[in-house]
Amino acid sequence: MKGQDSDVHDPLTDPRSEIVDLPRDAPAPNATPWAEGQADPAATVEARARRRFGEGALIVCDNLVKIFKVADLEVVALQGLDLLVDSGEMIAIVGASGSGKSTLLNILGGLDVPSAGRATVAGHDLTQMGRRERTRYRRRTIGFVWQQTAKNLLPYLSAVENVEMPMILNGSADRGRALELLDTVGLVERADHRPDRLSGGEQQRVAVAVALANQPEVLLADEPTGELDTATSAEVFDLMRHVNSELGTTVIIVTHDVLVSEQVQRTVAIRDGRTSSETLRRGRLSDEGEHEIFAEEFAVLDRAGRLQLPRGHVEALGLERRVRLRLEHDHISIWPDVHPDEDR
């Protein structure tokens, strides 16, 4: 670090540094106490190095584990998953059936409790909440949009009554706000219609309005376009982008459709209960000077140094059990465990 003694290194850039979650407030044994009011530059660097993982993020999943017990069998749905989401982000979580994405959504939504690890959303520790606090969390902090209409809307209520219901349960009924939300999703003229008189796309748009009724900080959507055609799906995604950009609501969409990466800023892929890769969409100027969007996929390296190689890469090189690693000046090379003179 410039301007400081060479023995003091920057934990954000120096590979020797290690982030430790638990703070160490007590002085080291036989340490010489500093005079009162005198700043210790080394202590400042140490404090930076020991910042809690995910500090400043709206959503933090730290080494998250979820184990389900079925009869005499234990099924591990999440295997040390790490995930950080900043306030105002709109991301998609994708993965094959059984990858753990729905389990993660249920934990973030306060519908399930992790077996181990740490999960916090907007300052709420999801591992420590009691039943009453969990109910309040689901009403005020989180908004849900499910794939099935029956889970989003009550069939015997009109659109405006459905939007107003969460506010009534929260003790703050407001018909005017319900109508404003229907106007936001473009359905104020359908306010008096019950779900059976709305199309599938209209039902999902009303569901978004219901989810926003109590001004949640996070909107969770589970396969929100799974039962819609392509054109209607695009309309729903446009609406969610509008909610994200105009209202500042953090949006997390869980889906099996990898093409959803074209609709969001960041796509997180889950495989075997861990985050395996992230795809980021960024803007740049083309050679012709025009603005264009491009996507780039990254493997995710967790704090233990583990990463999941893409399955196609593994199969193409025949990687299994052991691999050879070589540290270069700016990258790491990986080879199969085959000696050059051996027959494969």
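The values are calculated or read from the model by the stated rules, or taken from the named source; none is laboratory data. All values reported here derive from a predicted model rather than from experimental measurement. For neighbour counting, all protein chains shown are included, and Cβ atoms are generated from backbone atoms with ideal geometry for every residue, glycine included.
So the values come out like this:
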read-out	value
Residues being out of contact with any Asp or Glu (no Cβ under 7 Å at 6 or more places or on another chain) and part of a loop (DSSP other than H, G, I, E, B) - total across region 257-274	5
Residue in region 84-101 that is nearest to Thr141 (Cα to Cα), counting only those that are over 12 Å from the mean Cα position of the chain (by Cα) and buried (at least 17 other Cβ atoms within 10 Å of the Cβ)	Gly100
Test result for Leu239, at pLDDT 95 or above and closer than 26 Å to Gly110 by Cα	no
Cross-chain or 6+ apart pairs with Cβ under 7 Å, region 261-286 first and closer than 19 Å to Gly312 by Cα, then among the aromatic types (Phe, Trp, Tyr)	Ser277/Phe298; Glu278/Phe298
Those residues of region 55-107 which are β-branched (Val, Ile, Thr) and assigned to a strand (DSSP E or B), in sequence order	Ile59, Val60, Val65, Ile67, Val70, Val75, Val76, Val85, Ile91, Ile93, Val94
Output for region 63-72, where each listed residue is crowded, with 19+ Cβ neighbours inside 10 Å and either among the hydrophobic types (A, V, I, L, M, F, W, C) or not assigned by TED's automatic domain parsing to the domain that holds Asp86 (or both)	Leu64
Sole residue being closer than 16 Å to Pro216 by Cβ, surrounded by 14 or more Cβ atoms within 10 Å (Cβ to Cβ) and in contact with a Leu (Cβ under 8 Å, 6 or more places away or on another chain), chosen from Thr120, Thr141	Thr120
When residues of region 208-236 are limited to those that are β-branched (Val, Ile, Thr) and not in a helix (DSSP H, G or I), the one modelled with the lowest pLDDT	Thr225
Residue check, Val260 β-branched (Val, Ile, Thr), in the same structural domain as Ile91 (by TED's automatic domain parsing) and farther than 26 Å from Gly123 by Cβ	yes
Helices (runs of 4 or more DSSP H) within region 121-175 that include 2 or more residues over 16 Å from Gln215 (Cβ atoms) and within 18 Å of the chain's Cα centre (by Cα)	none
Breaking point among (1) part of a loop (DSSP other than H, G, I, E, B); (2) in contact with a Lys or Arg (Cβ under 7 Å, 6 or more places away or on another chain); (3) in contact (Cβ under 8 Å) with a residue 40 or more places away in the chain, for Leu239	(1)
